[in-house]
Structure formats: structure tokens, C-alpha cells
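Below is one structure; the comments refer to it alone.
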Amino acid sequence: MLKNMSLALLAGASFLAGIHPAAAIEAGAPTGLTAIYAEQPEQRPVPVRMASAERSNMGGGFIEFLFSDGPSQGGRYQQQPSYEPRRTLLPPLGAEQAMRRQEDVSEPARPAFDPKYEKQLVDYHGKESAGTIIVDTPNKFLFLVQGDGKALRYGIGVGRPGFTWSGVKQVSAKKEWPAWTPPPEMLARRPDLPRHMEGGPQNPLGARAMYLGSSLYRIHGSNEPWTIGTNVSSGCFRMRNEDVIDLYGRVNVGARVVVI
């Protein structure tokens with residue numbers, strides 16, 4: 001009986017090894033469990049490797065990592081690709097989301113408006129009469145004298161270094177939503193500027209303008225309120241649109257303007 005079991009086991013082992021059982025017996029192969037395991041080669045797990053062409057069809061990322069050589073590939077998975085290539089694997093963004101993301105990338109951060117440049121009623125003990133505008137260039141304030149020791153104070157943007165000036169002018173004209181035609185001197189410095197721009201919210205002169213004498217200087221609004229309190233202009237005095245509208249309604253043509 002034991003001999004029959006040995007022959008059966010030998011036949012099974014020969015079948016697994018690809019040898020016909022009868023051939024194994026005729027060859028005088030040893031019988032028994034010892035003989036079976038003595039004849040088998042050492043079994044080692046065969047690593048699963050894939051050609052690069054096969055891996056390229058798997059979409060990359062975690063799936064490819066599972067079926068490839070993994071971390072041994074020269075640090076291939078230690079650094080993830082940038083967001084944009086990976087973003088192409090996801091559903092497309094809606095128009096609104098794409099626009100918002102573009103704005104997040106392209107728009108620089110704007111400084112907050114400093115509360116000290118808000119319109120305020122302050123004390124005034126100077127010699128100028130009511131209705132006079134005083135521009136304090138170094139401190140970036142514009143005062144409208146009220147009389148009775150008071151003045152309205154507004155924050156302004158003033159000329160860049162080399163573009164500041166001082167003197168006495170008069171308001172020679174007033175315009176609502178003025179058009180803008182850059183002078184030749186400005187175009188020489190900035191040839192990229194438009195030759196003419198009609199009035200509107202995108203116009204750099206803003207909602208109102210008060211022209212100073214026969215000069216090119218104006219007190220005007222701005223579509224860049226974050227520039228109030230800075231040296232930014234080519235000699236004009238810019239205000240927030242809400243402030244220039246308020247001042248415009250209080251000032252008449254012929255008003256005295258003192259720039260210091």
C-alpha cells in the first residue's frame with residue numbers, strides 16, 4: 001500500500017514537472033516523498049515586470065505604481081508632477097470656475113484702504129477762506145475749508161518723485177465722467193497707453209474731474225482706490241470716486257486751489 005501511495009505521488013510530481021509518469025518509473029526515479037522534494041528545483045517568486053510600453057497604457061500614478069518596480073525606479077515616485085499636468089486627468093472646469101481660478105493666479109494682491117484717508121471733518125486754523133482747496137502733498141491730504149475753524153479732509157494720491165509741484169491755481173472747469181486724452185509727454189513715456197478713452201468706470205480719471213487753470217493737472221477720481229495715500233500720478237491729485245463726487249458737489253468753478 002505504501003508503495004502504491006509513493007507511485008501516485010511520484011506520478012503527480014512528474015505531471016507537474018512535465019514528465020510522463022511511466023517515463024519516470026522506467027528511468028528508475030526514486031520513490032516516496034523524499035524523492036519528490038529532492039527532485040524539485042527551489043521555487044522562488046517571479047517578479048512581475050512590465051515593459052514601458054505596457055505601463056504607458058495604465059494611466060500612470062498609483063495604478064502604474066502597483067504593477068511596476070515601485071520605489072526602486074530611481075526615485076520616480078518621490079516627486080509628484082505639477083498640478084497642471086494632473087489637472088488634465090480631471091473633468092474640465094466650468095467657465096465660471098476657470099475664470100475665478102485665472103483671476104486668483106493673475107490678479108496681484110491689493111493693499112487695503114487705510115482708514116486714515118477716509119473723509120473727515122477736522123479742525124483748521126489757517127488763513128484761507130471758506131471754499132478754498134488746500135492740497136498737502138507731503139501728507140497726501142486735500143482740505144476743503146469750511147469756515148468756523150473746520151475743514152473737510154480727504155485722502156489723495158499725489159505725483160511720483162519728479163512729478164510733484166506747488167503753487168496756486170483756480171478750478172477752471174468741472175466735468176462728470178470725463179474723457180481722457182494722454183498728453184504727448186505721457187505717451188512718450190508710455191507708448192502703450194490709449195490715444196483716447198471715453199469716460200466711464202474704466203477711465204483712469206474716474207467719476208469727476210476739476211481742471212486746474214490752463215495746466216494739464218486735475219483733481220479727479222480713480223478706478224484704482226488702493227493707490228490713495230501713495231506717490232502714483234504724473235502731477236494730478238486722485239481721489240476715490242465717492243470722495244471726488246462729494247467734493248465736486250461742494251466746489252464751484254473759480255475756487256482757489258493752494259498746492260503746498
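Scanning the range 236-260 for residues that are farther than 15 Å from F141 by Cα and in a strand (DSSP E or B) returns a single hit, R256. For the range 121-144, the criterion of a residue being at pLDDT 95 or above and assigned to a helix (DSSP H, G or I) is satisfied by no position.
Residue count for the range 102-120, restricted to those that are outside any loop (DSSP other than H, G, I, E, B) and modelled with pLDDT of 55 or more: 4. If you go through the range 212-235 and keep only what is part of a loop (DSSP other than H, G, I, E, B), within 31 Å of the chain's Cα centre (by Cα) and not β-branched (V, I, T), you end up with G221, S222, N223, E224, G229, S234. When the test is whether a residue is over 32 Å from the mean Cα position of the chain (by Cα) and outside any loop (DSSP other than H, G, I, E, B), L152 passes it.
Within the range 155-181, can you find the residues that are in a strand (DSSP E or B) and more than 32 Å from the chain's Cα centre (by Cα)? It would help to see each step written out before you state the result.
Step one: filter the range 155-181 for residues in a strand (DSSP E or B), giving 155, 157-159, 167-176, 180.
Passing the criteria: G167, V168, K169, Q170, V171, S172, A173, K174, K175, E176.
Considering only residues in the range 150-163 that are among the small types (G, A, S) and in contact with a strand residue (DSSP E or B) (Cβ under 6 Å, 6 or more places away or on another chain), the one that is nearest to R238 (Cα to Cα) turns out to be G157.
Condition check: at pLDDT below 95 and either assigned to a loop (DSSP other than H, G, I, E, B) or not assigned by TED's automatic domain parsing to the domain that holds V145 (or both). Does R195 satisfy that? Steps first, please.
On the way: at pLDDT below 95: yes; either assigned to a loop (DSSP other than H, G, I, E, B) or not assigned by TED's automatic domain parsing to the domain that holds V145 (or both): yes.
Yes; evaluated as a whole, the condition is true for this residue.
The values are calculated or read from the model by the stated rules, or taken from the named source; none is laboratory data. Since this is a predicted model, take the numbers as computed values, not measurements. In this analysis, Cβ positions are derived from the backbone assuming ideal geometry, glycine residues included, and neighbour counts consider all displayed protein chains.
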